Amino acid sequence: MKDMNETELADSQESIHFKNTGASDLFDRAATIQKLLSENGAEISVEEIEAKLKEMTEIFKVPAAEAQRSVTNAFLKKYGISKTKVFAGKGSAVTKKIAEINAMAGMPDAWVNFTGKVIQIWDSTHESIAQAGLVGDETGIIKFTIWSSTEINPLELNKTYDFKNVVVKSWNDKASITLNKAATIAPAAEEIVTVKAGETILSDSKDRTNELRTVAELQQGGIWTDLKANIVQLFEKTHESIAFAGVLGDETGTMRFTVWKTSEIENIEAGKSYLLKNAITKEWNGNIAVEINRAGKVEEIDEEIVAKASVFELCGCAVDIQAGSGLIRRCPECNKVMTKGMCTEHGKVKGKYDLRIKAVFDDGSEAHETIINCELTQKLLNIELADAVMMATETLDPECINDIIKKEFIGKYYVVRGAKTDRYIIVENVERAEPIDANRISQLKDCLMEELDRKNDAEKIENGEIRNDEIRVGENRDIEKDIEEMEELKSSDFEEFEKILNSIEAEDEGIEEDEEIEIEEIKVI
Amino acid sequence: MPGYFREIAVRMFAKEMKDSDLIYREEEEQYAPQYVLTPTGAKANRILISGVLTEVENIGSGTEYYRARISDPTGTFTVYAGQYQAEAARFLAEAETPAFVTVIGKVTAFKTDDGNTILSIRPEYIQNADEKDRDLWVAETAEKTHERIIAAETETNENIKNALEHYSPEFSEYRKMIIQALEAISSN
């Protein structure tokens, strides 16, 4: 994605460049190319270039501008000149103050130059990012990102640099600075002394003091906090810059956590309780996770924190078995699942076999993705890992186990229990669903019948077949009972009858009056 | 996980599917998912059905192309499987009737010359089931359909609005349909 954006930018600049040449014939175009190449250290004669252009336009019938573009790029490629670098200079990077750059939020990407002081460097969250952090000048601060594809030397904290040919991007109505191959950074002649700090400036010290909060209190991103928690689960390592990742919890709940390598924390064990100091919450896809970066500390504590069980249970139909189920191979170095005999990180390795099921259970309201581990898979399929390996070898088909899984699971109803992470349910137990409960059916049926009756009655009233009050009396059990009682009193005596009715009415009115008073009192308060 | 989202398998009875003819795509593109909006306001791309396979016919000329009929207590679903649903086609080629089957698949629409829309199912999976799973499906589908009816009568959202406008559904008819389905499974 990021590389594509870079290319798109370069392309857009290129087309500006070609349009601006104003070349009316091939010789002019050839001269333009010659000049450009010469500026970048490649000396080619105008005639040679013109010949190429002719070939493109006359034999291949390519429009002149397109021919110019493709010939230029072909020469650049031939002489190993970076396309981005050549064209970036042709763009219109304007020198601006950071406050002005921030004001560009919501606008299309643009190129700028500015001078700024690095006030914060963050931990890289992705291998394609070399550095990220905040730079500031006397007008404001802004986030910057340097892609790994650049050859920019790492920036140093508190130093002032001239940033040239950087891209202003807008994301979520906030502007930020991106440095791609076209960018250059050089130490500035004059140091910026005072930086106008916004609220987003965060202390980077291990000694700052935070409030001790519970998991339940950490419901949004960007909170610096201390936290006492138990490590519920440690994930397989996900990235080389992550030391530990998993799920932690206290008595109020559980959440994901990430400990970055830069924290220099070397030991965290599942099941133990720790005090996390200077942790920061991050929001990711609507989920809150807590991170420990270079500013954070993790200390083991004697106190035993019991994580609130986040057991998730569902009853649903198995609707899919995802790729990566059945007999799989894992890299012996990093335990990652290999694809086609390759580990994405360690290349061709002799993998170790594992058995698992990635099943989707659909309960009609949500499709739940689950992972069933080797132990449970062996039990469910009644196939040992070694047997599975043998079956795959014999049939020459590693997918054969997958077919068995699909046949066994798809279309059947299961009760699944497990720990819910942000995407998967790590299954602890899975059982075939119990046969349908007769009560459940009869209750629903009764409910539907009643709804139909009510509707019928409503229609009858509309059609004038019965009177409204007839139904009310019928539905009102108390009055029915009263009438029964009255009949028991053998009230052929009409007066008696009326008295009772009146008394009931009076009681009703009394209640209403009381209620009114109460309401008024509340208003007064 | 960005951008990932799996369509749930909507539960609906054959009668409701038969009554449905409001087909739409959320985007204009050719490959954008196609949805059917049913009279009770269900918006379905993928559906889950469980019933009895009653008939399988190879209607392909040259290549194998199967049409199967699957019955639930309220009506019949039609399933088509050809070379792009190889596993389902193989299943149908070898299937015996009658048999309990469960199908997970996508709703597809076909417009006849006289302007009628006929819905069928293109299976992702078709598998043998047992009576227990069929009963569970009927109960679940009954509940889900009932929930949709209640929602359509009491709430409003885009789907409900469009469904009411297009079908002017008689909900007592669908209530009777649910009762009929429930009676079919409670009688044994």
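Here are a few things to note about the model shown:
- Flag if B:I178 is within 10 Å of another protein chain (Cβ to nearest Cβ), among the β-branched types (V, I, T), within 19 Å of the chain's Cα centre (by Cα) and in a helix (DSSP H, G or I): yes
- Within segment A:428-439, if we keep just the residues that are surrounded by fewer than 15 Cβ atoms within 10 Å (Cβ to Cβ) and within 10 Å of chain B (Cβ to nearest Cβ), the residue that is modelled with the lowest pLDDT turns out to be A:D437.
- B:T76 being crowded, with 16+ Cβ neighbours inside 10 Å, outside any strand (DSSP E or B) and at pLDDT 90 or above: no
- Residue in segment B:51-63 that is part of a loop (DSSP other than H, G, I, E, B), in contact with a helix residue (DSSP H, G or I) (Cβ under 8 Å, 6 or more places away or on another chain) and either more than 12 Å from chain A (Cβ to nearest Cβ) or acidic (D, E) (or both) present: yes
- Filter result for B:E26 (surrounded by 15 or more Cβ atoms within 10 Å (Cβ to Cβ) and at pLDDT below 90): no
- Taken together, the criteria exclude B:D133 from residues that are more than 12 Å from every other protein chain (Cβ to nearest Cβ) and not in a strand (DSSP E or B).
- Within this structure, A:I425 passes the test of being within 18 Å of A:A323 (Cα to Cα), β-branched (V, I, T), within 14 Å of chain B (Cβ to nearest Cβ) and in contact with a His (Cβ under 7 Å, 6 or more places away or on another chain).
- If you go through segment A:302-321 and keep only what is modelled with pLDDT of 80 or more, part of a loop (DSSP other than H, G, I, E, B) and surrounded by fewer than 18 Cβ atoms within 10 Å (Cβ to Cβ), you end up with A:D302, A:E303, A:E304, A:V306.
- Just so you know, in segment A:38-75 the residues that are acidic (D, E) and either outside the structural domain of A:L26 (by TED's automatic domain parsing) or within 46 Å of the chain's Cα centre (by Cα) (or both) include one that is surrounded by the fewest Cβ atoms within 10 Å (Cβ to Cβ), and it is A:E39.
- Listed conditions (1) buried (at least 23 other Cβ atoms within 10 Å of the Cβ); (2) in a helix (DSSP H, G or I); (3) in contact with a Lys or Arg (Cβ under 9 Å, 6 or more places away or on another chain); (4) within 11 Å of chain A (Cβ to nearest Cβ) are all met by B:E140, apart from (1).
- Residue that is surrounded by the most Cβ atoms within 10 Å (Cβ to Cβ) [pool: residues in segment B:87-101 that are within 20 Å of A:N402 (Cβ to Cβ) and within 14 Å of chain A (Cβ to nearest Cβ)]: B:A88
- Hey, B:E153 within 12 Å of another protein chain (Cβ to nearest Cβ), among the charged types (D, E, K, R) and under 23 Å from B:T76 (Cα atoms) or not: no
- Odd one out for B:L164 among (1) more than 14 Å from chain A (Cβ to nearest Cβ); (2) exposed (fewer than 15 other Cβ atoms within 10 Å of the Cβ): (2)
- Among residues of segment B:107-130 being closer than 22 Å to A:S365 by Cα and in contact (Cβ under 8 Å) with a residue 60 or more places away in the chain, the one that is farthest from the other protein chains (Cβ to nearest Cβ) is B:T108.
- Residue among B:L37, B:L53, B:L48 that is closer than 19 Å to B:R134 by Cα, among the aliphatic types (A, V, I, L, M) and modelled with pLDDT of 95 or more: B:L48
The rows are residues; the columns are (1) among the polar types (S, T, N, Q); (2) modelled with pLDDT of 95 or more; (3) on the phi > 0 side of the Ramachandran plot.
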site: B:D130; (1), (2), (3): no, no, no
site: B:A142; (1), (2), (3): no, yes, no
site: B:A151; (1), (2), (3): no, no, no
site: B:E170; (1), (2), (3): no, no, no
site: B:Q180; (1), (2), (3): yes, no, no
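- For segment B:7-46, the candidate set comprises residues that are in contact with a helix residue (DSSP H, G or I) (Cβ under 6 Å, 6 or more places away or on another chain) and among the charged types (D, E, K, R); within that set, the residue that is nearest to the other protein chains (Cβ to nearest Cβ) is B:R11.
- Restricting segment A:416-436 to residues that are in a loop (DSSP other than H, G, I, E, B) and touching a helix residue (DSSP H, G or I) at 6+ places or on another chain (Cβ under 8 Å), the residue that is nearest to B:H146 (Cα to Cα): A:I436
- When segment A:243-281 is filtered for residues that are of a type in the set (A, V, I, L, M, F, W, C) and surrounded by fewer than 17 Cβ atoms within 10 Å (Cβ to Cβ), only A:A270 remains.
- Selection from segment A:144-159 of residues that are within 16 Å of A:I101 (Cβ to Cβ) and either among the polar types (S, T, N, Q) or exposed (fewer than 15 other Cβ atoms within 10 Å of the Cβ) (or both): A:T145
- Where B:T145 falls short, out of the listed (1) outside any helix (DSSP H, G or I); (2) of a type in the set (V, I, T); (3) within 14 Å of chain A (Cβ to nearest Cβ): (1)
- Inclusion of B:I104 among residues that are within 13 Å of another protein chain (Cβ to nearest Cβ), crowded, with 22+ Cβ neighbours inside 10 Å and not acidic (D, E) is warranted.
- Filtered residue count, segment A:322-348, keeping only those that are aliphatic (A, V, I, L, M), surrounded by fewer than 18 Cβ atoms within 10 Å (Cβ to Cβ) and more than 23 Å from the chain's Cα centre (by Cα): 1
- Within segment A:214-266, strands (runs of 3 or more DSSP E) holding 3 or more residues that are closer than 21 Å to A:Q131 by Cβ: A:253-260
- Within the set A:D387, A:D403, the sole residue that is within 12 Å of chain B (Cβ to nearest Cβ), farther than 29 Å from A:A289 by Cα and surrounded by fewer than 18 Cβ atoms within 10 Å (Cβ to Cβ) turns out to be A:D403.
- Close pairs (6 angstrom Cβ cut-off, 6 or more residues apart or separate chains): in a helix (DSSP H, G or I) in segment A:449-462, exposed (fewer than 12 other Cβ atoms within 10 Å of the Cβ) anywhere: A:I461/A:N468
- Selection count, segment A:273-296, where residues are of a type in the set (D, E, K, R) and at pLDDT below 90: 3
- Hey, B:Y84 touching an Asp or Glu at 6+ places or on another chain (Cβ under 8 Å), hydroxyl-bearing (S, T, Y), over 27 Å from A:S442 (Cα atoms) and without any contact (Cβ under 8 Å) to a residue 60 or more places away in the chain or not: no
The values are calculated or read from the model by the stated rules, or taken from the named source; none is laboratory data. Not measured: the values here are computed from a predicted model. All Cβ positions, even for glycine, are placed from backbone atoms using ideal geometry, and neighbour counts span all protein chains on display.
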